[in-house]
Amino acid sequence: MTATLSLTGAQHRILDAHLRGAPERVAFAVAAAGAPGHVVVSDVLLVDDAFLEPGPWCVQLTDEAQQQILMWATANSGWVIEMHSHIGPLGDPACFSPTDIEALATWVPHIRWRLQARPYMAIVVGPKTIDGVAWTGKPGEVESIKTLLVDGTSTAMTGLSWARISEVRT
């Protein structure tokens, strides 16, 4: 399955302002399956910069932030969607960095286990482009997200993250 991620205009404006407001920011969303191949966002959670720890190559969620996100996701059903930004000269075209891929390889199995194998999507936002992947089936199976749909207007994902993850796995 290759999914389309659907947002309302209001959700997109909130997420866009937050994620593109600093070089690296984080947000989460929960979503439900809509029409075949569509994932429709129902709620968003903006992660305050105080809950991010700067690392040598990227930011990481504090332990407290991880606990709060897990509790929030548990209280909501459906897909869990992680979003973070790469705003800066190397942010376009959008693609998960090798450090991101390494972190996802640890985080995704853990959170999917904690959330009873619910589908998980990860999105990376560049200054002008976006990309994403999803884990919906067996552990380790990654799918490309093809499209962002905002109030009926579609934007193609770059597709570079799925290719990079596939290279790492082989």
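Considering each residue of region 86-103 in turn, none proves to be closer than 20 Å to SER6 by Cα and without any contact (Cβ under 8 Å) to a residue 60 or more places away in the chain. Residues in region 157-170 that are polar (S, T, N, Q), touching a residue at least 24 places away in the same chain (Cβ under 8 Å) and out of contact with any Pro (no Cβ under 8 Å at 6 or more places or on another chain): SER161, SER166. For region 122-156, taking the residues that are crowded, with 22+ Cβ neighbours inside 10 Å and in contact (Cβ under 8 Å) with a residue 60 or more places away in the chain, the one that is farthest from VAL39 (Cα to Cα) is identified as VAL125.
Restricting attention to region 94-102, does a residue exist that is in a loop (DSSP other than H, G, I, E, B), aromatic (Phe, Trp, Tyr) and within 23 Å of LEU148 (Cβ to Cβ)? Yes, there is a match, as at least one residue in region 94-102 is in a loop (DSSP other than H, G, I, E, B), aromatic (Phe, Trp, Tyr) and within 23 Å of LEU148 (Cβ to Cβ).
Has region 69-83 got at least one residue that is surrounded by 13 or more Cβ atoms within 10 Å (Cβ to Cβ), within 22 Å of GLN11 (Cα to Cα), out of contact with any strand residue (DSSP E or B) (no Cβ under 8 Å at 6 or more places or on another chain) and not basic (Lys, Arg)? Within region 69-83 (the criterion being surrounded by 13 or more Cβ atoms within 10 Å (Cβ to Cβ), within 22 Å of GLN11 (Cα to Cα), out of contact with any strand residue (DSSP E or B) (no Cβ under 8 Å at 6 or more places or on another chain) and not basic (Lys, Arg)), the answer is yes, since at least one residue qualifies.
You will find that of ALA3, ALA22, the residue that is modelled with pLDDT under 95, under 20 Å from LEU115 (Cβ atoms) and either of a type in the set (S, T, N, Q) or open to solvent by less than 80 Å² (accessible area, probe 1.4 Å) (or both) is ALA3 and no other.
The values are calculated or read from the model by the stated rules, or taken from the named source; none is laboratory data. All of these numbers come straight from a predicted model, not from anything done at the bench. In this analysis, Cβ positions are derived from the backbone assuming ideal geometry, glycine residues included, and neighbour counts consider all displayed protein chains. Ligands, DNA and RNA are stripped out before the accessible areas are found, and what is left, the full protein with its side chains, is counted by its heavy atoms. Shrake-Rupley method; radii C 1.70, N 1.55, O 1.52, S 1.80 Å.
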